[in-house]
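Scroll down for the structure; my scribbles are underneath it.
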Amino acid sequence: MKMHQIAVAVLSLALAAPLSSLAAAKVNEGAPTFEVKDAQGKAHRLADYKGKWVVLEWYNKDCPYVKKHYGSGNMQKLQGEFTGKGVQWLTVISSAKGTQGYLEPKEALQVATEAKAASTAILLDEKGVMGRAYGAKTTPHMFVINPEGKVVYAGAIDDNDSASPEVIAKSKNYVASALAAGLEGKPIEVSSTRPYGCGVKYKN
Amino acid sequence: MSWKFWIWSLIFFLATGGVHAQNSARDERLEVRLIHHALDQNHFRVGVHFRVQPEWHIYWKNPGDSGSAPKFAWRPPEAVGQPSWPLPKRFFVGDLVNLGYEEEVVILFDVDRSRVPAKLELDLEWLVCKVECVPGFAKLSADLGEATSPSDVALIQKFEALLPGPGTAAPAVSLARMDEEGLRLQIGESGVELFAIDGAVLSAKPARQVEGDYVLAWADGRIGAPPAQVDLLLAWTGDQGVRSAEIRVDLRTHAQPTWSDLGLLFFAFLGGVILNLMPCVFPVLSIKILSMVDAVGGDKTALRGNGWAYTGGVVLTFVMLGAALLLVRAAGQQVGWGFQLQSPIIVSALAALFYLLALNFLGAFEFGEGLMNRAGRVSVKGSGRVSSFATGVLSVFIAAPCTGPFMGSALGATVVLPPWAGLGIFASLGLGMAMPFLLLAYFPAWTRRLPRPGRWMETLRQFFAFPLLATVLWLLWVLQMQTSGDALITVLAAFLVIGFLLWVRGKMTRAGVRSLVAVLIGVVLLGALWSVARGPVGSSNGAATSTSDWAPYDEGKIAQARAEGRPIFIDFTAAWCVTCQWNKKAVLDTSVARELFQSKNTYLVRADWTDRDEEITKALAVHGRASVPLYLFEEPGGAVRVLPQLLTISMIEELFQNPKEDSK
């Protein structure tokens with residue numbers, strides 16, 4: 001009897017090993033870890049935010065779609081509203097040096113001040129490691145992570161991919177909906193959408 | 001609203017310069033205008049005609065990983081139907097895949113003229129991108145009473161021909177499987193292109209072709225349960241050129257394991273059973289079972305327990321081997337039967353292995369029995385089950401060299417199938433191999449009917465040396481294509497020396513001397529492999545092969561031929577790909593085909609993938625393929641046709657019979 005038990009146990013281990021190594025690469029609801037410095041030189045890790053709601057916002061100051069939300073004040077409004085409720089809002093720049101949207105730390109702080117951004121920090125992911133880990137494709141591309149570290153929303157900021165700021169008033173904002181529902185403990189209606197915006201300018 | 005908002009709006013309007021309504025607008029990246037064509041008194045076809053500068057593109061209704069489809073706001077809205085989108089193209093921009101149009105496209109609309117009081121007006125927004133993107137806005141209008149020029153009518157008709165047709169015309173599509181990676185679809189034809197209609201569900205990447213099936217990946221970062229159905233645009237090449245249709249695939253019909261999957265498992269099982277007849281296994285096996293029956297006496301439970309222990313040992317070992325293979329695959333390396341043959345070192349090593357095995361079968365030397373004896377000795381001391389388990393494990397390793405010619409395809413399939421299927425195949429192999437032993441454990445009476453190991457075994461064993469030698473021949477042929485004639489002679493010389501040393505060893509009686517000779521053999525082998533590794537690695541790209549009509553794969557030269565207006569035929573092939581060699585001999589290198597190609601001044605490219613050339617791997621990936629053969633024919637004008645994997649001469653004739661209209 002003992003032999004059989006051991007054999008079954010070892011057999012199931014053998015089966016589990018390759019399956020788990022492959023699962024991590026696919027659709028996975030646990031947020032990938034990251035470790036990136038922000039524009040003030042401070043390092044941020046996903047683990048630092050355990051127990052808090054986190055929003056990741058991919059940003060490129062020259063992208064017309066980012067300008068749509070910043071020019072109209074829409075993004076800053078969201079940032080202010082939710083950081084006021086304890087949400088950690090991280091703006092991430094994954095543009096490689098020399099590409100559209102790349103900013104040196106000082107420039108990034110300056111741009112944020114001028115735009116009156118209300119995010120918690122601006123992460124400078126020049127190597128694109130964090131962007132690739134999350135599969136960030138566009139700017140803006142939004143991710144909402146719950147206090148347990150699970151990604152509960154990934155995709156576009158709202159449901160109208162026009163570049164014109166005029167449509168914002170009538171657009172359904174997925175991030176605001178996800179946060180509003182999540183903060184009240186209600187289920188999140190829309191958990192993933194196709195992100196829109198300019199392609200993230202990753203390092204090659 | 002902040003003043004900044006107004007500034008940005010103003011900039012947008014200024015950027016387009018299209019504040020006043022007219023029927024066309026332009027900027028430095030594109031030109032857009034409204035054209036129309038009366039089908040009858042009230043039914044009009046209206047087209048939004050975009051002409052885009054080279055290297056820039058606009059988007060399809062599903063723009064893909066990034067980008068944004070053009071947006072149409074008609075006035076009056078009730079007069080105009082939904083947009084009809086011509087067949088899009090794929091664009092690869094960095095890591096992303098976009099779906100859209102370049103150069104020129106007309107998006108078509110059905111208009112009910114009776115509902116248009118005066119002019120038909122359109123508020124248009126678009127996004128045009130090269131690497132960076134620029135949105136554009138325009139207000140356009142059209143007077144439907146105006147006559148349309150014949151060239152505009154022709155333009156509308158040209159793009160009407162590129163609209164999707166009825167779904168009933170499309171090749172049949174069925175869902176074979178749905179897993180974490182995406183959908184695996186079985187489609188009646190090869191060379192089909194698939195475009196997801198909802199970019200939130202499926203990726204814009206081209207479908208991967210796996211054993212004739214199409215694998216479409218889920219959209220990156222998609223979370224949540226899969227939808228009940230997906231809509232796809234299918235494009236295929238028919239008799240009249242490229243056609244497309246939108247189809248819906250129902251995902252709720254749970255993908256049953258298909259015939260081919262079950263078939264593979266069955267053949268793997270059968271292979272496992274045959275393994276028992278292998279001289280590597282049978283003699284020791286029959287001795288083992290007999291001794292086990294004797295040792296256990298009449299105790300049926302103990303006997304059966306031993307049988308299961310043996311089965312456990314065999315299956316576990318096979319599964320671990322499979323798991324190891326899959327882990328390596330998961331680590332990013334492409335390990336598999338075919339792919340191993342891309343390294344001349346591996347080819348030489350395999351050739352040496354099969355050569356030694358053939359010699360072993362022929363009786364030139366013996367080995368491995370020491371191992372089996374040691375396992376047997378364990379049984380005398382410990383409990384029967386441990387030794388049976390150990391025997392099971394050992395049997396696999398001793399049988400492994402015998403699997404070669406039989407198991408190649410099953411192992412190859414393991415690499416491309418999802419993990420559970422791959423492991424399933426290995427488990428079936430193991431089960432097949434253990435089955436006879438297990439059966440005998442349940443019906444020990446049958447052991448009396450087992451043929452006694454005897455002279456017939458020797459004959460059978462010697463017989464199996466010849467298929468092994470045939471495999472050695474094939475491997476050496478692959479080797480000489482990968483390297484040079486010198487490498488071939490080196491390996492053959494090594495074989496000669498090894499053969500001699502084995503004969504010497506056979507004549508020696510002292511164990512120490514025998515071991516020394518064995519070590520010498522190992523040294524010779526390593527030396528040969530090292531020499532092959534150091535030798536020139538030139539695939540048949542450089543070597544003059546059957547005809548000098550074929551040029552090696554060079555994108556620059558292909559672009560040049562394209563610019564010269566020559567038709568281009570690309571043969572993606574590899575030395576170890578049997579189908580490719582067959583197609584070459586039977587079709588491509590025949591005088592009929594050569595004449596046809598030459599008469600049209602076709603630029604012939606042989607993309608030799610024997611050494612897994614990176615450039616060629618990328619070129620294959622662009623067409624959604626991960627292996628060879630792949631046959632592409634590009635007409636002057638840019639239309640590309642993908643030929644089936646098994647060629648006939650009439651297919652080549654067809655290429656030159658219906659020249660498509662120049663798409664420019």
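The values are calculated or read from the model by the stated rules, or taken from the named source; none is laboratory data. Model, not experiment: these values are computed from the prediction. Because the Cβ atoms are built from the backbone with ideal geometry, glycine has one as well, and the counts that use them run over all protein chains shown.
Data table
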quantity: Residues (away from every other protein chain (no Cβ under 14 Å), over 19 Å from B:Leu479 (Cβ atoms) and at pLDDT below 75) located in region B:315-362; calculated: B:Gln334, B:Phe361
quantity: Hey, B:Lys600 over 19 Å from B:Ile558 (Cα atoms) and of a type outside the set (Gly, Ala, Ser) or not; calculated: no
quantity: Listing of strands (runs of 3 or more DSSP E) fully contained in region B:24-141 that carry 2 or more residues being surrounded by 21 or more Cβ atoms within 10 Å (Cβ to Cβ) and of a type in the set (Asp, Glu); calculated: none
quantity: Helices (runs of 4 or more DSSP H) lying entirely in region A:95-204 (those with 3 or more residues that are within 22 Å of A:Glu81 (Cα to Cα)); calculated: A:105-115, A:174-183
quantity: Identity of the residue in region B:125-143, of a type in the set (A, V, I, L, M, F, W, C) and touching a Leu at 6+ places or on another chain (Cβ under 6 Å), that ends up nearest to A:Thr139 (Cα to Cα); calculated: B:Cys133
quantity: Unmet requirement for B:Thr168, which otherwise passes all of (1) among the β-branched types (Val, Ile, Thr); (2) more than 37 Å from the chain's Cα centre (by Cα); (3) part of a helix (DSSP H, G or I); calculated: (2)
quantity: Region A:96-155, residues that are of a type in the set (S, T, N, Q) and either away from every other protein chain (no Cβ under 13 Å) or in contact with a helix residue (DSSP H, G or I) (Cβ under 8 Å, 6 or more places away or on another chain) (or both); calculated: A:Gln110, A:Thr113, A:Ser119, A:Thr120, A:Thr138, A:Thr139, A:Asn146
quantity: Matching option when the condition is over 15 Å from the mean Cα position of the chain (by Cα) and not polar (S, T, N, Q), among B:Trp582, B:Trp609; calculated: B:Trp582
quantity: Single unsatisfied condition, A:Pro195 versus (1) modelled with pLDDT of 90 or more; (2) more than 7 Å from chain B (Cβ to nearest Cβ); (3) under 14 Å from the mean Cα position of the chain (by Cα); calculated: (1)
quantity: Residue in region A:62-73 that is buried (at least 20 other Cβ atoms within 10 Å of the Cβ), modelled with pLDDT of 95 or more, more than 10 Å from chain B (Cβ to nearest Cβ) and not in a strand (DSSP E or B) present; calculated: yes
quantity: A:Val167 vs. criteria within 11 Å of chain B (Cβ to nearest Cβ) and either more than 17 Å from B:Asp220 (Cα to Cα) or touching a residue at least 12 places away in the same chain (Cβ under 8 Å) (or both); calculated: yes
quantity: Residue list for region B:84-137, filter: under 34 Å from the mean Cα position of the chain (by Cα), within 14 Å of another protein chain (Cβ to nearest Cβ) and of a type in the set (Val, Ile, Thr); calculated: B:Val93, B:Val97, B:Val128, B:Val131
quantity: Matching residues, region B:613-639, being closer than 21 Å to B:Val215 by Cβ and either in contact with a Cys (Cβ under 6 Å, 6 or more places away or on another chain) or of a type in the set (D, E, K, R) (or both); calculated: B:Lys618, B:Arg625, B:Val628, B:Pro629
quantity: Subset tally (residues that are assigned to a loop (DSSP other than H, G, I, E, B) and on the phi < 0 side of the Ramachandran plot) for region A:51-61; calculated: 5
quantity: Subset of region B:70-79 (residues that are more than 8 Å from chain A (Cβ to nearest Cβ) and touching a residue at least 24 places away in the same chain (Cβ under 8 Å)); calculated: B:Pro70, B:Phe72, B:Ala73, B:Trp74, B:Arg75, B:Pro76, B:Glu78, B:Ala79
quantity: Test: residue in region A:68-90 that is free of Cβ contacts under 8 Å to residues at least 40 places away in the same chain and among the polar types (S, T, N, Q); calculated: yes
quantity: Selection count, region A:81-92, where residues are in contact with a Phe, Trp or Tyr (Cβ under 9 Å, 6 or more places away or on another chain) and part of a helix (DSSP H, G or I); calculated: 2
quantity: Pairs, first free of Cβ contacts under 8 Å to residues at least 12 places away in the same chain in region B:112-133, second crowded, with 16+ Cβ neighbours inside 10 Å and not aromatic (Phe, Trp, Tyr), C-beta under 6 Å, six or more apart; calculated: B:Glu132/A:Gln100
